[in-house]
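Down below is the structure, laid out as structure tokens.
The values are calculated or read from the model by the stated rules, or taken from the named source; none is laboratory data. Here the structure is a predicted model, which is why all the values come from computation and not from measurement. We place every Cβ from the backbone using ideal geometry, glycine too, and count neighbours over all the protein chains shown.
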């Protein structure tokens with residue numbers, strides 16, 4: 001069963017899906033841990049509770065087909081479709097659904113859940129509708145990646161013996177990943193949560209020298225984002241792609257950060273930011 005925060009992400013994505021597509025009904029859920037099935041936990045626009053808690057087994061029905069293939073699918077008339085099996089026709093008919101699309105939530109090549117959108121009439125669902133559903137799914141996937149990264153690195157930092165050198169590299173890489181993901185997450189509460197985790201990781205390296213905090217405090221969030229990419233070896237072009245910025249913009253942020261930190265090179269800036277507790 002999905003935890004509360006993950007369920008909130010799915011719920012928000014369903015609202016965005018309906019808003020973007022005009023579809024009257026949306027629902028979805030995540031894979032239950034240790035079981036080859038998806039539990040429908042979130043409903044938006046439904047008239048009944050027929051779909052709530054439905055367990056969709058991989059390969060069965062439209063959602064099960066999507067989970068097995070790891071790609072979006074749609075049917076124009078669910079009950080009459082010959083491209084899917086019909087284990088869930090009763091629940092679908094009770095809700096009065098005809099045209100249905102389903103999009104997988106894929107994280108690190110594993111299907112973690114499915115989002116559905118539906119009409120109560122039998123008519124084709126066009127590419128524009130499907131693209132909007134895929135975009136809503138991408139939002140949830142990014143949130144799931146971010147939470148997975150946060151859990152993994154916080155576990156490493158909290159090891160009784162302290163993180164090893166290799167673990168610190170994992171922490172630093174994840175710090176950059178989380179900061180870049182935070183800028184693309186729709187939910188402002190989740191964005192703040194991710195940035196707070198980044199702050200915890202940055203402060204986990206130890207004491208902050210007295211001569212650097214003032215300078216480091218002047219760094220803008222985007223300057224910290226760029227430095228976190230530089231810290232794991234990204235070029236300006238790679239950092240730009242990761243952060244959704246232009247290479248020239250990245251170069252400008254880096255120059256500004258170097259000036260504020262009194263650094264002559266990009267690596268001096270990274271070292272100064274680490275000493276200040278801005279980067280792990």
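Of note:
- Hits in the stretch 55-88 (condition: under 23 Å from residue 127 (Cα atoms) and part of a loop (DSSP other than H, G, I, E, B)): 70, 71, 72, 76, 77, 81, 82, 83, 84
- Annotation: residue 26 fulfils all but one of (1) farther than 24 Å from residue 131 by Cβ; (2) touching a helix residue (DSSP H, G or I) at 6+ places or on another chain (Cβ under 6 Å); the unmet one is (1).
- Check on residue 120, out of contact with any helix residue (DSSP H, G or I) (no Cβ under 7 Å at 6 or more places or on another chain), modelled with pLDDT of 95 or more, part of a loop (DSSP other than H, G, I, E, B) and within 21 Å of residue 16 (Cα to Cα): yes
Quick grid of which residues meet (1) within 19 Å of residue 17 (Cα to Cα); (2) crowded, with 19+ Cβ neighbours inside 10 Å:
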residue	(1), (2)
63	yes, yes
71	yes, no
74	yes, yes
89	no, no
100	yes, yes
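- All conditions in (1) in contact with a helix residue (DSSP H, G or I) (Cβ under 9 Å, 6 or more places away or on another chain); (2) modelled with pLDDT under 75; (3) over 20 Å from residue 13 (Cα atoms); (4) in the same structural domain as residue 222 (by TED's automatic domain parsing) hold for residue 179, with the sole exception of (2).
- As for the stretch 142-158, it holds at least one residue that is closer than 25 Å to residue 177 by Cα, within 26 Å of the chain's Cα centre (by Cα), modelled with pLDDT under 90 and not in a helix (DSSP H, G or I).
- For the stretch 186-272, the helices (runs of 4 or more DSSP H) that sit wholly inside it and include 2 or more residues that are at pLDDT below 70 and loosely packed, with under 12 Cβ neighbours inside 10 Å are 213-217.
- All positions within the stretch 19-45 that are surrounded by 18 or more Cβ atoms within 10 Å (Cβ to Cβ) and farther than 17 Å from residue 6 by Cα: 21, 23, 25
- Check on residue 72, in contact (Cβ under 8 Å) with a residue 40 or more places away in the chain and either in the same structural domain as residue 8 (by TED's automatic domain parsing) or under 18 Å from residue 7 (Cα atoms) (or both): yes
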